[in-house]
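To start, the structure under review is shown below, and the notes come after it.
The values are calculated or read from the model by the stated rules, or taken from the named source; none is laboratory data. From a predicted model like this one, the values you see are computed outputs, not experimental measurements. Here the Cβ positions follow ideal geometry from the backbone for every residue, glycine too, while neighbour counts run over all protein chains shown.
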Amino acid sequence: MDHMADAHRTDLMTITRYVLNEQSKRPESRGDLTILLNHIVFGCKFVCSSVSKAGLAKLLGLAGETNVQGEEQKKLDVLSNDVFIKALTSSGRTCILVSEENEEAIFVEPSNRGKYCVVFDPLDGSSNIDCGVSIGTIFGIYLVQDVDNPTLDDVLRSGREMLVAGYCMYGSSCTLVLSTGGGVNGFTLDPSLGEFILTYPDIKIPKKGKIYSINEGNARNWDEPTKKYVEKCKFPPDGSSPKSLRYIGSMVADVHRTLLYGGIFMYPGDKKSPSGKLRVLYEVFPMSFLMEHAGGQAFTGKQQALDLVPKKIHERSPVFLGSYDDVDEVKALYAAEENGA
Ligand code: AHM
Ligand code: MG
């Protein structure tokens, strides 16, 4: 983990080396995904550098625009979106981009097109920017079905068809967590090298955790299973110790902690917002993909989150994700409700 402890180590696993190793396991691969991921990594480094300089560069404050969901955009959101759109289109490997910040999907010009579709939230948790709390970028990658004829159906697909998912957290350090369909690996940016180094190999989420994470301020609007589950976290009926509550309000940071320490992160639907708040394509799917590949699970209240098939690119869904056993408890409460218990 502490690669910097040994200044003489020369066998560091950089993210480029890791992705190339993965590529070599697929002889048919022509390196397109490697190039695309390199461009995403560049976008993350750029945003990381901008986030850390935000105060200095007077980037804080409103950009005077409103995004699709009617929320105020901050300057860093706008900048991050521009950075990722440029990084992705210039890779020459993308054909459709869906960003939280753009109402419509972006179809890349035919001369610059490749075979991948990228869905992303360029800067999630932006309400936390001004107080220096961790924020992040979330992304997922699909393979287009017909390179010559990309359509919205290429991204309105089940999360199980995603090829790659990841996030980059801009926190006390810059950490990129990635799954290309095998395990889940975490890389930390070494600023002196300008490289992401493998620091969390083959992440496995603990089977059961001691932390629950939810916006308790919405409690009066929760449905019964959510109310019962949170009550169980606080007053376990078997007399065991209660779980601790941790809620940052920045999905990348809350999910990162959940992945490493175990436990459950929830953004349920409620009476006011039956579909919850989080967006299926670029928030729920990539995080659910990572959870499942790390041995955890993700549930919507009705089904495994990755089985959803969105009808609109900015669709929302409730989500309960994290340690396998903790999510199982939520599933049992929803099943009991359905059976009239
Ligand atoms: P954003 O995409 O506008 O930043 O909103 C998403 C964020 C997530 O990072 C976080 O999990 C959630 O909103 C917190 O919402 P709330 O403030 O309602 O608890
Ligand atoms: Mg977001």
Where residues in the range 202-232 are farther than 23 Å from SER244 by Cβ and out of contact with any helix residue (DSSP H, G or I) (no Cβ under 9 Å at 6 or more places or on another chain), which of them is surrounded by the fewest Cβ atoms within 10 Å (Cβ to Cβ)?
ASP202
Among (1) closer than 23 Å to ARG26 by Cα; (2) buried (at least 21 other Cβ atoms within 10 Å of the Cβ), there is one condition MET169 misses while meeting the rest; what is its number?
(1)
Quick one: in the range 86-122, of everything that is over 13 Å from LEU152 (Cα atoms) and among the hydrophobic types (A, V, I, L, M, F, W, C), which residue is surrounded by the most Cβ atoms within 10 Å (Cβ to Cβ)?
PHE120
Restricting attention to the range 103-142, which residues are within 16 Å of ligand 2 (Cβ to nearest atom), more than 17 Å from the chain's Cα centre (by Cα) and farther than 21 Å from VAL51 by Cα?
GLU103
I'm checking my understanding of the structure. Among residues of the range 31-61 that are crowded, with 18+ Cβ neighbours inside 10 Å and farther than 25 Å from ARG17 by Cα, which one is modelled with the lowest pLDDT?
ALA54
